[in-house]
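Quick notes on the structure that follows.
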Amino acid sequence: MTERSKEQEQGGQVRELLATRADEVSLPDGWADRVLRDGKRAVGRRRLAATTAAVAAVAAVGVLLSGLPGTGEQPPASRPEWATADSVPQALRKMPVGPDTDVPYGTRGEQGKGALRVMLGGRAIPIPKEYTGLRIWRAGDRGFVYLADGPGDVSVVVHVDADGTSTELERTAKGEHTTQLNVSEDGRFAAWTVHPYEGRSQVVKRADLTTGKVGSRSYDDIDSVHGFAGDDVLINWDARVQNIGSLDRDGTPWPSADRDGGVEDYSVASDTVLLSTSDGCMRAYSIAQPDNQRWKVCDMEDVHFSPDGQRFVALREGGYVVSDTSSGEVTGGLWSVPSVHPQDMAWEDDDTVLLELAEAKPARTKDGMIAPIAPQYGPSYLVRCHVEQERCELVDTGGPVKAFPSSSS
């Protein structure tokens, strides 16, 4: 028997099993075929053999029957009305729809209209209507922190606790603004820089989100805050990583002064730092042994660590891929549909990733020709991808999203 014949035979067995299970729970006719067709959607670029597809499809039915969350509790034939609208990219309209997420995200209320608000665990947190340029950072189980432009040409930093209580942490003076902010891995601390409109950063501030206490310290020519090492603040200073501790003392030096090409960006989780350098490469180091380079890759950017630090997702050739933190080896993919472009992402848990996706529409000239400029993007939607199962679903947010958490790494 040929390999293809074996795959066809296994596929037929799986289809028969799915059809039987579907009948048992009164699912719509043809649902088994849709599971086999859509449930195998390539989360990455690896070809799934028929045996792997069989295991994944049967597991999907088993989880559906058990009622566990995060699996698309509605059969594909039953979709919310908003998810069938023409404004939803066609690639997303074909997906199963899964439950809403507890990760905070911004929206504009019913059908994308009304005042801006942030959804947190099913609760709508209103944002003052005079605020613009909203950016969100998840703060673990302590809610979220947001940065926005306020009236009078100022920047505001606000912590919203898990119960919805808002505490203003920063309101810049005239002639100053805040553009860089980050939150520690455990969600306890937030840190940001205050810039004069003319010149470079002068002040770094760190807030304890459990007490609301804000500390500050002045420095010369600091570029930005990009992460934490435990409770210590890591900054980008003259293209070098520097540990400035908790602002009342200097932390252990992180000797990155001699890295090739200078540091452009970095991400931190547990004991690992990933440096993106101006030569287009990424290098991994240990915070405890910063002179020991673990590995180097040269075709990734926009890194996001999993909560446990064991894996990271990075942008590669227009799509997100999953890699092993210990080696940098790519272990799978998340998204590679060219017409629907990733805008941002966040880990929902150690095995689940949320992607903010928008359809890319090429810009055209008056005569209908494609213009050689950046494409225009449509509304953004959230898609949940299960890494181990290699399966994605549209998140039931009730419509498009307007703001999504920046990575805390």
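The values are calculated or read from the model by the stated rules, or taken from the named source; none is laboratory data. Just so we're clear, the structure is a prediction, and the values are computed from it rather than from any experiment. Don't worry about glycine lacking a Cβ; one is built from the backbone with ideal geometry, like all the others, and counts go over all protein chains shown.
From the set of residues in segment 286-306 that are modelled with pLDDT of 85 or more and either β-branched (Val, Ile, Thr) or crowded, with 18+ Cβ neighbours inside 10 Å (or both), which is farthest from Leu354 (Cα to Cα)? Among residues in segment 286-306 that are modelled with pLDDT of 85 or more and either β-branched (Val, Ile, Thr) or crowded, with 18+ Cβ neighbours inside 10 Å (or both), the one farthest from Leu354 (Cα to Cα) is Val297. For segment 330-340, the condition of being of a type in the set (Ser, Thr, Tyr), assigned to a loop (DSSP other than H, G, I, E, B) and either free of Cβ contacts under 8 Å to residues at least 24 places away in the same chain or at positive phi (or both) holds for none of the residues. In segment 212-226, the residue that is surrounded by the fewest Cβ atoms within 10 Å (Cβ to Cβ) out of those that are at pLDDT 80 or above and part of a strand (DSSP E or B) is Ser218. Across segment 334-357, the qualifying residues are those that are among the hydrophobic types (A, V, I, L, M, F, W, C) and over 19 Å from Ser267 (Cα atoms), and the one among them that is surrounded by the fewest Cβ atoms within 10 Å (Cβ to Cβ) is Val337.
Contact map, segment 291-308: residues that are within 18 Å of Cys281 (Cβ to Cβ) and without any contact (Cβ under 8 Å) to a residue 40 or more places away in the chain paired with residues that are among the hydrophobic types (A, V, I, L, M, F, W, C) and not in a strand (DSSP E or B), Cβ distance under 7 Å, separation 6+ or inter-chain. Pairs shown: Lys296/Cys281; Val297/Cys281; Cys298/Cys281.
The set of residues in segment 274-291 that are farther than 15 Å from Thr325 by Cβ, touching a strand residue (DSSP E or B) at 6+ places or on another chain (Cβ under 7 Å) and in a loop (DSSP other than H, G, I, E, B) comprises Ser278, Cys281. The set of residues in segment 134-172 being more than 17 Å from Met119 (Cα to Cα), surrounded by fewer than 14 Cβ atoms within 10 Å (Cβ to Cβ) and among the acidic types (Asp, Glu) consists of Asp153, Glu168.
One residue stands out in segment 341-385 among those that are acidic (Asp, Glu) and not in a strand (DSSP E or B): the one that is modelled with the lowest pLDDT, namely Asp367.
When Tyr131 is tested against (1) at pLDDT 90 or above; (2) hydroxyl-bearing (Ser, Thr, Tyr); (3) surrounded by 22 or more Cβ atoms within 10 Å (Cβ to Cβ), only condition (3) is not met.
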